[in-house]
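The block underneath contains the structure these notes are about, expressed in structure tokens.
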Ligand SMILES: NC(=O)c1ccc[n+]([C@@H]2O[C@H](COP(=O)([O-])OP(=O)(O)OC[C@H]3O[C@@H](n4cnc5c(N)ncnc54)[C@H](OP(=O)(O)O)[C@@H]3O)[C@@H](O)[C@H]2O)c1
């Protein structure tokens, strides 16, 4: 049943993560709202959550210690985890023909450290916690349409999002015997602070609906994939892109 679950949402100070935290809290769940650097926004997001028992968790998931610390802090505050949402990510521009080799390496390293290794390490710690407490937990990754459509100016981002989808599919198989489901959403453009300066009429016209998504539309898909009704969607990569890219 939705409600009364413990939920860790990474990167939830603003944008899609905040909308996801809001959606779970509105359903009666207790949320560990994670942030890395935006403490003021995270506090504002926490204040806006319905219900009670929510907590803030800070940490940099780009190191194994940081990733483990985020999960440990969430478990300490809320108890054993029922749901993990891997939302935290970075998106660094590094178009090949306009980027030095040094900057190229830096962009790849930063992106892989957060989007792929950070996600993998947070997932490991959360899944071990679920297994140890015999929780039939739910793990949902926020991937991206860019994994399929390409990210010409952000190739490391596209590659790590494809890797997140693949990680989710592998773990959907290996964690199913423990009753744990793993699925991903692959959003197209979403109106968040991070991409506000990239949303143009041309971007809106990518979708036949003539607009980009609201963060709440991604949150609804995440919440569904974390629900009891979605067990049979384990392993899915759900397009949430307003028919802007059909694969
Ligand atoms: N917006 C879109 O159009 C779009 C489309 C497809 C997929 N997505 C995906 O949706 C998710 C949220 O995107 P958004 O647009 O809402 O962006 P966002 O506001 O930048 O959210 C991402 C969060 O990740 C956190 N983060 C970054 N580096 C971190 C680190 N080293 N350790 C821990 N946390 C870290 C940041 O936390 P702090 O702010 O606290 O530093 C940030 O708030 C991302 O996975 C993104 O790839 C977005």
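The values are calculated or read from the model by the stated rules, or taken from the named source; none is laboratory data. In this text, all values refer to a predicted model and were calculated from it rather than measured experimentally. Note that we place each Cβ from the backbone using ideal geometry, even for glycine, and neighbour counts take in every protein chain shown.
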Condition set in contact with a helix residue (DSSP H, G or I) (Cβ under 7 Å, 6 or more places away or on another chain) and more than 13 Å from the ligand (Cβ to nearest atom), scope the range 9-26, selection nearest to residue 138 (Cα to Cα): answer is 24
Just give me the residues in the range 196-235 being in contact with a strand residue (DSSP E or B) (Cβ under 6 Å, 6 or more places away or on another chain) and away from the ligand (no atom under 16 Å from the Cβ), in sequence order.
-> 231, 233, 234
In the range 27-43, the residues that are more than 8 Å from the ligand (Cβ to nearest atom) and either touching a helix residue (DSSP H, G or I) at 6+ places or on another chain (Cβ under 8 Å) or in a helix (DSSP H, G or I) (or both) = 27, 30, 31, 32, 33, 40, 43
If residue 200 satisfies every condition in (1) over 25 Å from residue 246 (Cβ atoms); (2) loosely packed, with under 14 Cβ neighbours inside 10 Å but one, which is the exception?
-> (1)
Given (1) surrounded by fewer than 16 Cβ atoms within 10 Å (Cβ to Cβ); (2) in a helix (DSSP H, G or I); (3) within 10 Å of the ligand (Cβ to nearest atom), residue 72 misses just (3)
Exactly one of (1) over 19 Å from the mean Cα position of the chain (by Cα); (2) closer than 27 Å to residue 244 by Cβ; (3) within 15 Å of the ligand (Cβ to nearest atom) is unmet by residue 140. Its number?
-> (1)
Which one of these does residue 96 not meet: (1) closer than 25 Å to residue 146 by Cα; (2) away from the ligand (no atom under 16 Å from the Cβ); (3) surrounded by 15 or more Cβ atoms within 10 Å (Cβ to Cβ)?
-> (3)
Would a scan of the range 44-56 turn up a residue that is assigned to a loop (DSSP other than H, G, I, E, B), away from the ligand (no atom under 14 Å from the Cβ), without any contact (Cβ under 8 Å) to a residue 40 or more places away in the chain and buried (at least 20 other Cβ atoms within 10 Å of the Cβ)?
-> yes
Go through the range 196-210 and count every residue that is within 15 Å of residue 149 (Cβ to Cβ) and modelled with pLDDT under 95.
-> 1
